[in-house]
1. Q189 versus (1) within 26 Å of R23 (Cα to Cα); (2) not in a helix (DSSP H, G or I): which is the lone unmet condition?
2. Out of R102, R114, report the one residue that is basic (K, R), free of Cβ contacts under 8 Å to residues at least 24 places away in the same chain and in the same structural domain as T218 (by TED's automatic domain parsing).
3. Can you find, within the stretch 244-274, the residue that is farthest from the ligand (Cβ to nearest atom) among those that are crowded, with 23+ Cβ neighbours inside 10 Å and in a helix (DSSP H, G or I)?
4. May I ask you to say which residue of D70, D49 is surrounded by 23 or more Cβ atoms within 10 Å (Cβ to Cβ), among the charged types (D, E, K, R) and under 13 Å from the mean Cα position of the chain (by Cα)?
5. Please find, among G30, G40, G25, the residue that is out of contact with any Pro (no Cβ under 7 Å at 6 or more places or on another chain), assigned to a helix (DSSP H, G or I) and among the small types (G, A, S).
6. Return the residues of the stretch 136-151 that are open to solvent by 50 Å² or more (accessible area, probe 1.4 Å), under 22 Å from P201 (Cβ atoms) and not in a helix (DSSP H, G or I); say none if nothing qualifies.
7. Restricted to the stretch 200-215, and to residues that are over 15 Å from D70 (Cβ atoms) and within 13 Å of the ligand (Cβ to nearest atom), which residue is most open to solvent (accessible area, probe 1.4 Å)?
8. On the basis of being within 27 Å of G282 (Cβ to Cβ), away from the ligand (no atom under 16 Å from the Cβ) and hydrophobic (A, V, I, L, M, F, W, C), does V24 make the cut?
Amino acid sequence: MSALRIYNSESKRKERFRTKAKRVGLYVCGITPYDVTHVGHAFTYTSFDVLVRYLGYLGYGVTYVQNLTDIDDDIIRKSKELKKQWRRLGEENAQKFLEDMRWLNNEQPNVYPRATDHIEGMIRIVRKLLKRGVAYERKGSVYFSVSADKGYGRLSKLSKKRMLLIANERGNDPNDPNKKDPLDFVLWQAKKPGEPSWPSPWGEGRPGWHIECSTMSTAYLGHTVDIHGGGSDLIFPHHESEIVQSEAATGKRFVRYWMHTGMLRYKGAKMSKSLGNLVLIGDLKKTYSANAVRIYLLSHHYRSVFEFYEKGLRKAKRREELFKKVWRTQSKTGKSLDVVEYEKKWARAMDDDLNTPKALETMERLAGCILKEKTKNVSGAKAFLNIAFGIMGLTIEYR
Ligand SMILES: [Zn+2]
């Protein structure tokens, strides 16, 4: 068993990471490709990329599933605004996102499912929920009845009043006359004029957003997912709703460890499309290397909320240059430089809920030490750094 501890957003504490098998199922909510991706997305997916690499280093096999929410309210709204076919809009933005992720050296997830390829599975779960009496159908739409599950609010720890407030800010319609409770969320939405739709037992319509992720995660990872992740803005209502509907359908615990990344801020507010304060990967590409961007992002803990500053990127660039300098040093023939303490420190940082800022600091100190070394053999130290670079996803290789 490894010493890895992960902060579980559900228990709100760091927990020892335990699995029954050496294979870990990881599901990370992917993008809704209605617009360009920004550095906030890059922070989330780079953080999970490091998690996958580190789990591999610890000897776990990882099945990493990241979905593409290729149909939802935002895509439909944007496609109307731009007068562009919704599928084409999604396809173009998804391709750009994947290009950005490749540039950042984020490894491809093992499975990259699209919501529209899983409509049948979604319908199956909705039927189950109806049968179990936790959902109801009205005029071709199906809703999850939140009062049927006392556990609603278990992840976000929000009061019903707060939940309703936030849900309304995020697209919930509390005045929908078909609903029994304003907080009930939609599992299947009856077709509205001009919207894409699929046939279902309740007539033409489309799935609700939450059911998409419940379906895709369990389709590839089974009823219980080891780690489910995403940005912390997804905790409520998205992940909260995923829990109740999945557990009501399967009768099994849905997720063992919930991991959420912090939100980036820029110019004093959360970086978001609606506020327009975005820094795009495309802009950073013009001035910085992918290594520098990764070093910058990973010098913040994945759960931290931080303000984006360009001076941080310049610092990251200097760190990258230092790492490259080490690469060019020639090894001496004397006694080996002792790296045990550095290795331990680095592993302790990574095991402590993936403390990448501390791990990078240790790597920087070791790099400085190698450069100052006049007589000792540094090849062991360089070999360790090489492994650490790989886990951070940095492409600074030794010959
Ligand atoms: Zn999701």
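The values are calculated or read from the model by the stated rules, or taken from the named source; none is laboratory data. This is a predicted model, so every value here is computed, not measured. Because the Cβ atoms are built from the backbone with ideal geometry, glycine has one as well, and the counts that use them run over all protein chains shown. Keep in mind that these areas ignore ligands, DNA and RNA; they rest on the heavy atoms of the full protein, side chains included. Shrake-Rupley method; radii C 1.70, N 1.55, O 1.52, S 1.80 Å.
1. With (1) within 26 Å of R23 (Cα to Cα); (2) not in a helix (DSSP H, G or I) applied to Q189, the lone miss is (1).
2. Of the residues listed, the single one that is basic (K, R), free of Cβ contacts under 8 Å to residues at least 24 places away in the same chain and in the same structural domain as T218 (by TED's automatic domain parsing) is R102.
3. Checking each candidate, the answer is A249.
4. Just one listed residue meets the conditions, D49.
5. From the options G30, G40, G25, the qualifying one is G40.
6. Applying the first criterion (open to solvent by 50 Å² or more (accessible area, probe 1.4 Å)) to the stretch 136-151 yields 137-139, 147-148, 150.
Checking which are under 22 Å from P201 (Cβ atoms) leaves us with 137-139, 148.
Answer for the stretch 136-151, where residues must be open to solvent by 50 Å² or more (accessible area, probe 1.4 Å), under 22 Å from P201 (Cβ atoms) and not in a helix (DSSP H, G or I): E137, R138, K139.
7. Of everything passing the filter in the stretch 200-215, H210 is most open to solvent (accessible area, probe 1.4 Å).
8. Taking the combined requirement at face value, the residue does not satisfy it.
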